[in-house]
Amino acid sequence: MNRYTVAVLVNNQFGVLNRVTSMFRRRRFNISALTVSETESSAYSRITVVFDGDEANKQQLINQLYKLADVCSISELDELNSISCELLLIKMQNDADTRGEISAAAQAFDAKTVDYSKDSIMLELTGTSQRIDDFINLMRDYTILEICRTGSVSLEKGSTTIRKVTNL
């Protein structure tokens, strides 16, 4: 099974996200990461979906997505043609026994302390999915109080944009 990242440019309308994600559900794809945001124009939203599957079913899914009225453009993104990253917020228990080790690990990963209290430390980290996973796995040796992470956000390298594909 392969992992795919697809960016879908859609009209910024009520219910569009549901229609797009329903297409994944109907095709029996499990979405492992999903991010949605308004674009540089309030008329459009960009949906970035990371999912696992095989090539034939992925192509069928993309063909079906193009049939949705609110879908303007679709771009397949991979490591060679795009830059991707995630954001992690992780809240750790703050105690004297582990504080130094947690701080050293955060420094090694260039994580930023965004909240500090007597009982907890909150760290922010951006990077690839693998880098985020590696940091979380390292932190599992300590007491993780809470984790929140975004899905992948990705843009194609160079001057090509998802909007140029459809001549919007």
Exercise. Which numbered condition trips up Val36, out of (1) open to solvent by less than 30 Å² (accessible area, probe 1.4 Å); (2) within 16 Å of Ile162 (Cα to Cα); (3) of a type in the set (A, V, I, L, M, F, W, C)?
Worked result: (1)
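Yes or no, residue by residue, for (1) within 21 Å of the chain's Cα centre (by Cα); (2) exposed (fewer than 11 other Cβ atoms within 10 Å of the Cβ):
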position: Gly100; (1), (2): no, yes
position: Asp115; (1), (2): no, no
position: Met122; (1), (2): yes, no
position: Gly127; (1), (2): yes, no
position: Asp134; (1), (2): yes, no
position: Leu138; (1), (2): yes, no
Problem set entry | Filter result for Ser103 (farther than 19 Å from Thr150 by Cα and modelled with pLDDT of 95 or more) | yes
Exercise. Among (1) in contact with an Asp or Glu (Cβ under 9 Å, 6 or more places away or on another chain); (2) within 18 Å of Ile83 (Cβ to Cβ); (3) not in a strand (DSSP E or B), where does Thr126 come up short?
Worked result: (3)
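Matching residues to (1) under 26 Å from Leu123 (Cα atoms); (2) of a type in the set (A, V, I, L, M, F, W, C):
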position	(1), (2)
Phe24	no, yes
Thr39	no, no
Asp52	no, no
Gln64	no, no
Leu89	yes, yes
Ala96	yes, yes
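The values are calculated or read from the model by the stated rules, or taken from the named source; none is laboratory data. Bear in mind that the values here come from a model prediction, so they are computed numbers and not experimental data. Positions of Cβ are generated from backbone atoms using ideal geometry, with glycine treated the same way; all protein chains shown enter the neighbour counts. Note: accessible area is taken over every heavy atom of the protein model, side chains too, but ligands, DNA and RNA are not part of it. Shrake-Rupley method; radii C 1.70, N 1.55, O 1.52, S 1.80 Å.
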